[in-house]
């Protein structure tokens, strides 16, 4: 009898030990370990920093204003909210070559224009009475005015062969569809107002000096337009630079 009782007690002890070991095993497999939780938190924190960095980079790299620089080369500078150049695009072969040869990105737009205008690559286009036309489009009208004033304060703006103006944001898509910078497109609109037969194809290979001379010729020589038809065209781009410099500043 004693033996039977002893065996029964041993059986109970064995079952309890089995239960304890089973519980311990299941707990080790199911319950999250502290270092796993900490690792997950670290991963999420790192991911948040990456997303924040990407968001900040996108914010910085998004242009909200633009500057068109046209001689024979035509290039456009994309300007971000911090007045830094974040893109440089050429709109003809000479413009593409010029954009690739002068490093302008991440400079303030005034420093970028100074760098561009004083670069060795730009000098051949400024020689022989070459006209440089600078057109700005800010994200607001006030910003356009501010950018125009800032450009007018640059040393190069005092040259009689440099003109600067404000353009229309609405014209940008039409300009690009025509394969033109919006600055050259603004000059095209002035010329077309005086000669409706002129097309964008007619001015693709013309320098800004040639376009401006043609505008002057038609303005001065055609009695049909002396009543102001076309003279008000400057209103699309304000028509006047800072310090009273007119759009025809290159011919002063």
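Computed from the coordinates by the stated procedures, all read-outs in this text should not be read as laboratory data. Owing to the predicted nature of the structure, the values given are computational and were not obtained by experimental measurement. Every residue, glycine among them, receives a Cβ derived from its backbone with ideal geometry; neighbour counts consider all protein chains shown.
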(request) Would you kindly calculate the translational diffusion coefficient of the stretch 78-194, applying Stokes-Einstein with the Kirkwood radius from alpha carbon pairs, for 4 °C and a viscosity of 1.567 mPa s, and quote it in µm² s⁻¹ without decimals? (result) 87 µm²/s
(message) Classify the stretch 128-225 from the C-alpha gyration tensor, please: rounded if a/c falls under 1.5, else prolate or oblate depending on whether a/b exceeds b/c.
(response) oblate
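Within a 10 angstrom radius of the beta carbon, how do 184, 143, 105, 173 rank from fewest other beta carbons to most?
Going from least to most buried by this count: 173, 105, 143, 184.
For the stretch 75-186, what proportion of DSSP beta bridges, expressed in % and rounded to the nearest 5, is antiparallel? Intermediate results must be reported in sequence, preceding the final value.
On the way: 6 of 11 bridges.
Antiparallel bridges: around 55 percent, rounded to the nearest 5.
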(request) Mind sorting 94, 220 by how few other Cβ atoms lie within 10 Å of their own Cβ, fewest first? (result) 220, 94
(message) Modelling each spin label as a point 7 Å along the Cα-to-Cβ direction, I'd like the residue 217/residue 176 distance in nm, to one decimal.
(response) 3.3 nm
(message) Students often get this wrong: which residues of the stretch 54-96 have the backbone nitrogen under 20 Å from the point 7 angstrom along Cα-to-C-beta of residue 142?
(response) 64-66, 79-84
(message) How far apart, in nanometres, would the label points at residue 169 and residue 153 be if each is projected 7 angstrom from Cα along the Cα-to-Cβ direction?
(response) 2.4 nm
(request) May I ask you to sort 207, 200, 186 by Cβ crowding, counting other Cβ atoms within 10 Å and putting the fewest first? (result) 200, 207, 186
